[in-house]
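Student: Here it is: the structure, laid out below.
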Amino acid sequence: MKSILLTCLILTAPLAAEVTLSNLFSDHMVLQRDQAVPVWGSAEPGEEVTVAFAGQTVSAKANAEGAWTVKLGPLKTSAEPRILTAKGKNEVQVIDVLVGEVWICSGQSNMGHVINNSINGDLDALSSAPLGKLRLLTLSTQGSQTPVKQPDQKWSTANEKSIPSFSAVGFYFGRQLLTALDVPIGLINNSWGGSSCEAWIRRDLLEGKEMYAPMMERWKKTESEYDPAKEQAKFNEAMTKWKTAAEAAKAAGKPEPKRPQAAQNVMVGQHRPANLYNGRLKPLMPMAFRGAIWYQGESNASRAYQYRELFPLMIKNWRDDWGMGDFPFYWVQLADYLAEKPDPGDSSWAELREAQTLSLATVPNSGQAVIDDLGESNDIHPRKKHDVGLRLARWALAKDYGIKVAYQSPTYASMETQGNKIIVTLKEVGAGLKPFDGAEIKGFAIAGEDKKWHWAQAKLNGQDKVEVTCPDVPAPVAVRYAWADNPVCNLYSTNGLPVTPFRTDTWAGVTAEAK
């Protein structure tokens, strides 16, 4: 009887919590150099945990919930593999740790688009031999309305197995930094295809704001009505009908109909406000890193005017909650996409690009890679990811690492009306401007007070000016450049960077009222 009682006591007594590190601290990782580096994990409440790395030793006690955090002092660059240890009643080791530059690569599918699906990606995957100092981490945690504590994946070295499935934009960005700086580079692919900007923002920042009220009300309605069982039943019914149709098509020698897609649970998906903030960002906080690159906007194009406020809010939210100040944040402007239109006019994609450009003025320590020459009309996922990564890398190399390299696309500065023509002045032109692939400058449109747009003739006027005219508009008042879903345009700086799409008018666009 006593032995039975003793066994029961052993089985029901709580096991002592072991010292653990966040999954972020895994073999082959890169720690950020020249900054204080937080290290955190869990242990038994009240237990003292000591972390040792690169000659430093720091300790902290686990709180009542068992969480602990220490901070290592700023670390020097090191490509020498080191061991990080966390020790309490037990000891945990992380091996092959390097110290260098860490960047977060985030956004939607064009950031997640992998090397294997990019032009020459198969060749880039083969060139992994000199990339021992490049380390990769890809997150895949589902969305959540409450903070997730642990990243769900671990670091790996850049090799023939890990490169093909990694973010192409992130890889090309990081490889260029590695080539130019010759220091260890750590890249975290934290993207989700189709994700909306609001999913990356803390929910309380969206609540109670007039601009976001319709969006939040739509979600509250969805949240109150959504029933996973009903969605699964709909899918099952669709599959039953599909199987019948598929069998009939096979018997008749006809192509099989499109198979229904399984219902996705929108409650844990990439559109619900705050889902990715909690599911994808919180597991990384308070990690030390250099900066972030971002490729997103397609999912918010129908609400482009709202994006003018939403996007800067997201960046501020990240910076405030990380507590590292205004860390570098560089984004990709939307590529050219959809059919080319014969006449100039309005465009939701142009308005989203405008919202991105406007953010440069309101978001400190930011930058934009213009890629309206790298898209594909019939594919929202253009495959020229190499050039995208390099245009982002230009910003980081110039702004964060002091390397003299052209990095900013020419942007609109001012305009002056002179009779039947408008003189547009651009800034950030480098040594000047030039049209690509011919002498004719393409992409300019001009309008009078009637707000009717006409294609215009354009010619260079000095180093930084463009003279725009159209015989059908004798009294012009406004000019647009590359203002379309898929603009036909060809003006570059002599450094090879495309002119940023712009407009001089402030007339209400097609997304002005969209909420």
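Student: List, in order, the whole-Hz ³J(HN,Hα) value for each residue of region 503-514 obtained from phi through the Karplus relation with A = 6.51, B = -1.76, C = 1.60 and θ = phi - 60°; use x for Gly and Pro.
Tutor: After applying 6.51 cos²θ - 1.76 cosθ + 1.60, I find 9, 9, 8, 10, 5, 4, x, 6, 10, 4, 9, 6 Hz.
Student: Kindly flag which residue pairs out of Lys258/Lys515; Lys71/Lys316; Lys404/Lys459; Lys465/Lys515; Lys341/Lys434 have an alpha-carbon separation exceeding 27 Å in this structure.
Tutor: Working: Lys258/Lys515 33 Å; Lys71/Lys316 24 Å; Lys404/Lys459 30 Å; Lys465/Lys515 37 Å; Lys341/Lys434 24 Å.
With Cα atoms farther than 27 Å apart: Lys258/Lys515; Lys404/Lys459; Lys465/Lys515.
Student: Quick check: Cα centre of region 192-264 to Cα centre of region 300-377, how many Å?
Tutor: Here the answer is 26 Å between Cα centres.
Student: So I have (1) 75, 72, 44; (2) 83, 48, 46; (3) 103, 64, 51, and one of them is Cα extents along the principal axes in Å calculated from this model. Which one is it?
Tutor: (3)
Student: Under a crude label model (7 Å from the Cα following the beta-carbon direction), how far is Asp96 from Asp472 in nanometres?
Tutor: Result for the modelled spin labels: 6.3 nm.
Student: Would you mind computing, in nm to one decimal, how far apart the modelled labels at Asp34 and Ser140 are, each placed 7 Å from Cα along Cα→Cβ?
Tutor: Going by the 7 Å Cα→Cβ label model, 3.5 nm.
Student: What percent do you get for the relative contact order of region 32-144 when only Cα pairs under 8 Å and 6+ apart count?
Tutor: Averaging sequence separation for qualifying contacts and normalising by length gives 21 percent for region 32-144.
Student: Just from its helices, what would the mean residue ellipticity at 222 nm be for the chain, if runs of 4 or more DSSP H residues each count -39500 (n - 2.57) and the sum is divided by every residue, rounded to the nearest 500 deg cm²/dmol? Please list the in-between numbers first.
Tutor: Numbers: 9 runs with 121 residues, N = 515.
Helix contribution divided over all residues of the chain: -7500 deg cm²/dmol.
Student: Can you tell me how region 123-179 classifies by the Cα gyration tensor, rounded, prolate or oblate, using a/c under 1.5 as the rounded cut? Don't jump to the answer; show the numbers that get you there.
Tutor: Values: a/c = 2.53, a/b = 2.41, b/c = 1.05.
Prolate is the answer for region 123-179, as a/c is 1.5 or above and a/b outweighs b/c.
Student: Where the only charges are on Cβ atoms (+1 Lys, Arg; -1 Asp, Glu), what is the dipole of region 236-279 about its Cα centre, to the nearest 20 debye?
Tutor: Numbers: 7 positive and 3 negative charges, 22 e Å.
The dipole of region 236-279 has a size of about 100 debye.
Student: Let me ask something else. Based on Cβ point charges of +1 for Lys and Arg and -1 for Asp and Glu, what charge dipole magnitude is obtained for the chain about its Cα centre, in debye rounded to the nearest 20?
Tutor: That gives a dipole near 740 debye.
Student: Run the numbers on region 378-515 and let me know its relative contact order in percent, using alpha-carbon pairs under 8 Å that are six or more apart.
Tutor: 25 percent
Student: Another question about this same structure. If you take the square roots of the eigenvalues of the alpha-carbon gyration tensor of region 60-176 and sort them as a ≥ b ≥ c, do you get rounded (a/c under 1.5), prolate (a/b over b/c) or oblate?
Tutor: Taking the square roots of the gyration eigenvalues as a ≥ b ≥ c, region 60-176 is oblate.
Student: 7 Å from Cα along Cα→Cβ at both His454 and Ala508: what's the point-to-point distance in nm?
Tutor: Result for the modelled spin labels: 2.7 nm.
Student: Excluding residues fewer than 8 places away in the same chain, name every one of the aspartates and glutamates whose C-alpha is closer than 19 Å to that of Lys89.
Tutor: Reachable aspartates and glutamates: Glu18, Glu44, Glu47, Glu48, Glu65.
Student: With a ≥ b ≥ c the root eigenvalues of the C-alpha gyration tensor of region 300-402, is it rounded (a/c under 1.5), prolate (a/b larger than b/c) or oblate?
Tutor: Since a/c reaches 1.5 but b/c is at least a/b, the shape of region 300-402 is classed as oblate.
Student: Go through Leu139, Ser224, Phe444 and say which Cα lies farthest out towards the positive end of the charge dipole of the chain; charges sit on Cβ, +1 for Lys and Arg, -1 for Asp and Glu.
Tutor: Leu139
Student: Please give the solvent-accessible surface of Ser224 in Å², to the nearest 10, using a probe radius of 1.4 Å with every protein chain present.
Tutor: Ser224 exposes around 90 Å² with every protein chain in place.
Student: Answer with one residue from Ser347, Ile403, Ser359: the one whose Cα lies farthest towards the positive end of the charge dipole of region 336-422, charges on Cβ with Lys, Arg +1 and Asp, Glu -1.
Tutor: The residue sitting most towards the positive pole is Ile403.
Student: Calculate one ³J(HN,Hα) per residue across region 189-198 by plugging θ = phi - 60° into the Karplus curve 6.51 cos²θ - 1.76 cosθ + 1.60, and present them in order as whole Hz with x for glycine and proline.
Tutor: 7, 10, 10, 8, x, x, 5, 8, 4, 5
Student: Something else: With only Lys, Arg, Asp and Glu charged, each at its Cβ (+1 for the first two, -1 for the last two), find how big the charge dipole of region 137-261 is about the Cα centre; round to the nearest 20 debye. Each step should come with its number before you reach the end.
Tutor: Working: 18 positive and 15 negative charges, 89 e Å.
So the dipole magnitude of region 137-261 works out to roughly 420 debye.
Student: Accessible area per residue for the chain in Å², computed with a 1.4 Å probe and the full protein assembly in place, what is it? Each step should come with its number before you reach the end.
Tutor: On the way: 23460 Å² over 515 residues.
So the chain comes to 46 Å² accessible per residue, rounded to a whole number.
Student: Still on this structure, I have one more. Given Cα pairs under 8 Å that are at least 6 residues apart, what percent is the relative contact order of the chain?
Tutor: Relative contact order comes out at 13 percent.
Student: Taking the alpha-carbon centroid of each part, what is the distance from region 138-178 to region 386-411 in angstrom?
Tutor: Measuring centre to centre over Cα atoms gives 22 Å.
Student: Read phi for every residue in region 156-162 and hand back ³J(HN,Hα) as whole Hz from Karplus 6.51 cos²θ - 1.76 cosθ + 1.60, θ = phi - 60°, with x for Gly and Pro.
Tutor: 9, 6, 7, 8, 5, 8, 8
The values are calculated or read from the model by the stated rules, or taken from the named source; none is laboratory data. Computed from a predicted model, the values in this text were never measured in an experiment. Every residue, glycine as well, gets a Cβ built from its backbone with ideal geometry; the counts of neighbours run over all protein chains shown. All accessible areas refer to the heavy atoms of the entire protein, side chains included, with ligands and DNA or RNA removed. Shrake-Rupley method; radii C 1.70, N 1.55, O 1.52, S 1.80 Å.
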